[in-house]
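Just below is one structure, and these are the notes that go with it.
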């Protein structure tokens, strides 16, 4: 029989010192190596730093509104945001949390540039994958030089690209998003619609389903804004919100038809000069529509903007991102007595009780609709 050996008790002091050394030296070293090796880690670190800077600049909106030193135009806009936020929470039952209870002046006209890309021979978006939100067809950049460099790199690889500014963004309620000064450049109707749009993301967000998420938020944003202004007796802004939604429906139909025509052309596996001729023909048709019958039928958009705007596959994908199957949302709206709060609840119930990889299919399968 082996002799019994007495085990010494662990030296907890030495264990603690080793753990401390790992935390103080090992973890930072791993992070630094990750930053040096991975461009994506560097991107996320930059985004985290920018988010932290924004959060540090926050000021409570109520205090700014009550402060006589706050410029009157800013006070009026901030008071409108608080009223819209309260309406969204109390009447539309959106998850407001602490979103838009603070204000941050970012010190420049544009905070974020958003990049989208697509293959030139297919209407197929280039995607990025992130924690929580899943796979998305766009990437936001606080670093504008990096945004342009990434776009140029994708173009060298043969992709169409589209780089645009974004006046607001949502962290889906994970942080207390402040109202950014970039959002205040919008008129009163668009400002309220933006507030309600972003609060909708806090309320319902389907992972990796960006077109549904953005289209649903646009639907709630404009219908919610119209209801908000009606509740205040502001018929002018209520009518403008309703007109903007009609424009969104018009553009939804137009871009869906353009996408159909592009998909049909690309199905022929065109290459070289034949591909370029097909693209020139179809984008020429689209521009004629936007500067002609479609553009001039719009009530709230200036058709002359479309005459100057670029057109390629990435632009089409970006435009459809916020305008896809909008008729479905309106059908649910009509079925619920044109009550936007009831419609939001009905759509939530349908998505949660009939889960599907495609949230639009859940809307199609609701009672009264064909399977």
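Out of the residues in the range 43-69 meeting the condition of being at pLDDT 95 or above and surrounded by 17 or more Cβ atoms within 10 Å (Cβ to Cβ), tell me which one is nearest to residue 138 (Cα to Cα).
61
If you take the residues in the range 213-236 that are free of Cβ contacts under 8 Å to residues at least 60 places away in the same chain and surrounded by fewer than 21 Cβ atoms within 10 Å (Cβ to Cβ), which one is farthest from residue 317 (Cα to Cα)?
233
Scanning for something assigned to a helix (DSSP H, G or I) and either more than 29 Å from residue 300 (Cβ to Cβ) or modelled with pLDDT under 95 (or both), does the range 110-130 turn up at least one residue?
First, pick out the residues of the range 110-130 that are assigned to a helix (DSSP H, G or I): none.
So far as the range 110-130 goes, no, none of its residues is assigned to a helix (DSSP H, G or I) and either more than 29 Å from residue 300 (Cβ to Cβ) or modelled with pLDDT under 95 (or both).
Determine which single condition residue 262 fails, assuming it passes every other condition in (1) buried (at least 16 other Cβ atoms within 10 Å of the Cβ); (2) outside any helix (DSSP H, G or I).
Going through the list (1) buried (at least 16 other Cβ atoms within 10 Å of the Cβ); (2) outside any helix (DSSP H, G or I), residue 262 breaks only (2).
Scan 210, 182 and give me the residue that is modelled with pLDDT under 95, out of contact with any helix residue (DSSP H, G or I) (no Cβ under 8 Å at 6 or more places or on another chain) and crowded, with 20+ Cβ neighbours inside 10 Å.
Only one candidate passes the filter, namely 182.
Kindly list the number of the only condition in (1) modelled with pLDDT of 95 or more; (2) surrounded by 14 or more Cβ atoms within 10 Å (Cβ to Cβ) that fails for residue 90.
So the condition that residue 90 fails would be (2).
Determine whether residue 223 is modelled with pLDDT of 95 or more, more than 17 Å from residue 77 (Cβ to Cβ) and in a helix (DSSP H, G or I).
It is true that residue 223 is modelled with pLDDT of 95 or more, more than 17 Å from residue 77 (Cβ to Cβ) and in a helix (DSSP H, G or I).
If the Cβ limit is 7 Å and pairs must be 6+ apart or interchain, which residue in the range 308-319 that is touching a residue at least 40 places away in the same chain (Cβ under 8 Å) and at positive phi pairs with which residue that is assigned to a loop (DSSP other than H, G, I, E, B) and surrounded by fewer than 19 Cβ atoms within 10 Å (Cβ to Cβ)?
Qualifying pairs under 7 Å: none.
Please verify whether residue 95 is under 19 Å from the mean Cα position of the chain (by Cα) and not in a strand (DSSP E or B), treating the condition exactly as stated.
Against the criterion (under 19 Å from the mean Cα position of the chain (by Cα) and not in a strand (DSSP E or B)), residue 95 qualifies.
The values are calculated or read from the model by the stated rules, or taken from the named source; none is laboratory data. A quick note: this is a predicted structure, and the numbers were derived from the prediction, not measured. Positions of Cβ are backbone-derived with ideal geometry, glycine not excepted, and every protein chain shown enters the neighbour counts.
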